[in-house]
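Asker: Sharing a structure below in structure tokens format, with a few things to ask.
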Amino acid sequence: MMVFGIIFALAGQGHTTYMRNKILKTSLKLWADNVDKAPNLSIVHNNLGKEYHDRGLYTKAYEEYKKAIQLNRYINLAQTGLAYYNSGNYYLYEKKDIDRAFPYFKKAKEIGTSCSEIWASLSYTQIIKGNISKAYQYIHEGRGYWPEDVKLLGNLCKTLIKDKRIDEAIKEAYKILLIEPDDIYVLSILGEVFRRKGDYTKAIRYWEKYLKKIPTSIKGNFALIELYSKAGKRQLLYETIGKIMYLKREKSFYDVIVLCSKNEEFIDYVPDPEIIMPIIQKTLLNEAKSINANRK
């Protein structure tokens, strides 16, 4: 999560600061201590909330963001925007509640323009809701301040995919690689756009690169199941189905596919059970027949 560039000035200096840092070895303890000493300052609650978030304590993080907003005692507008932005992230990613997240992002935008991720989050909510025109609007506004922001460009690619403007999506995706060659998520975008164009060789190449970075991605493995089937790569298909069998645990293939279709992270590629299930069933049946034949 991007911090707005604000550094809380501790009161103590010199030997006092040295002893303070020695005693308070972790940043969580540091900001908890600051909250105890200055409970009426919003920034200490903002920063303690971030420490909780970084440790996976999302509800406790949100409680601190909420206190920061209620106190409304900030040094500058950037801090105020950060509290609203963080609260929006809580509802978007932890509660999966776009309708409650959106007003927080909108309020952060109204307060100031010091963070590109505000526009990225605003456009992301609209992509999920299928509001293409609004997504374009927020992306365009954000790129007015940050024309080479990778998250905004990534959201532009996803919006173009939703809008079936595939060639334009490819063009924008390649821009991301020029700006940030190590970006992981653009690999899934390129994998999907080439899948849609019917260029299975390139699609497979990019999805395989993506899975080297995130091997446990259900999305990437389902995409390769479909692509390996179309490309006639039988052994790789069987191996990928095996990976999904491990990743899905006790769930059925069908249930996992349905869950994927409801997951907002599957904006670029959404597995279709009517395509994927017959591939899996046929592959496993053929493999079982092959094993039985070899035993005879």
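The values are calculated or read from the model by the stated rules, or taken from the named source; none is laboratory data. This one's a predicted model, so the numbers in the text were calculated from it and none came from an experiment. With ideal geometry, Cβ positions are generated from the backbone for all residues, glycine too; neighbour counts draw on all protein chains shown.
Asker: Quick one: residue 239 ticks every box in (1) touching a residue at least 24 places away in the same chain (Cβ under 8 Å); (2) assigned to a helix (DSSP H, G or I) bar one, so which box is it?
Answerer: Only one criterion is unmet by residue 239, namely (1).
Asker: Is at least one residue of region 113-127 of a type in the set (A, V, I, L, M, F, W, C) and either in contact with a His (Cβ under 8 Å, 6 or more places away or on another chain) or within 23 Å of residue 207 (Cβ to Cβ) (or both)?
Answerer: Let us first name the residues in region 113-127 that are of a type in the set (A, V, I, L, M, F, W, C), namely 115, 118-120, 122, 127.
Restricting the remaining residues to those that are either in contact with a His (Cβ under 8 Å, 6 or more places away or on another chain) or within 23 Å of residue 207 (Cβ to Cβ) (or both) gives 127.
There is at least one residue in region 113-127 that is of a type in the set (A, V, I, L, M, F, W, C) and either in contact with a His (Cβ under 8 Å, 6 or more places away or on another chain) or within 23 Å of residue 207 (Cβ to Cβ) (or both).
Asker: Would you pick out the residues in region 201-214 that are touching a residue at least 24 places away in the same chain (Cβ under 8 Å) and under 23 Å from residue 256 (Cβ atoms)?
Answerer: 203, 204, 210, 213, 214
Asker: Right, next: Please list, ordered by residue number, the helices (runs of 4 or more DSSP H) wholly in region 41-117 having 2 or more residues that are of a type in the set (Lys, Arg).
Answerer: Details: elements: 42-54, 58-71, 77-89, 98-111.
Counting at least 2 such residues, we get 58-71, 98-111.
Asker: For region 71-81, state whether one or more residues are polar (S, T, N, Q), in contact (Cβ under 8 Å) with a residue 12 or more places away in the chain and surrounded by 20 or more Cβ atoms within 10 Å (Cβ to Cβ).
Answerer: Here is the first cut: in region 71-81, the ones polar (S, T, N, Q) are 72, 76, 79-80.
Going one step further and asking which of them are in contact (Cβ under 8 Å) with a residue 12 or more places away in the chain, we end up with 72, 76, 79-80.
Add one more test, that the residue is surrounded by 20 or more Cβ atoms within 10 Å (Cβ to Cβ), and what stays is 79-80.
Within region 71-81 (the criterion being polar (S, T, N, Q), in contact (Cβ under 8 Å) with a residue 12 or more places away in the chain and surrounded by 20 or more Cβ atoms within 10 Å (Cβ to Cβ)), the answer is yes, since at least one residue qualifies.
Asker: So for region 237-252 (the condition being on the phi > 0 side of the Ramachandran plot and among the basic types (Lys, Arg)), does at least one residue qualify?
Answerer: Just the residues of region 237-252 that are on the phi > 0 side of the Ramachandran plot, to begin with: 249.
After this cut, where a residue has to be among the basic types (Lys, Arg) as well, the list is 249.
Within region 237-252, one or more residues are on the phi > 0 side of the Ramachandran plot and among the basic types (Lys, Arg).
Asker: Another question, if that's okay. Are any residues in region 253-265 within 20 Å of residue 286 (Cβ to Cβ) and either assigned by TED's automatic domain parsing to the domain that holds residue 94 or of a type in the set (Ser, Thr, Tyr) (or both), and if so, which ones?
Answerer: 254
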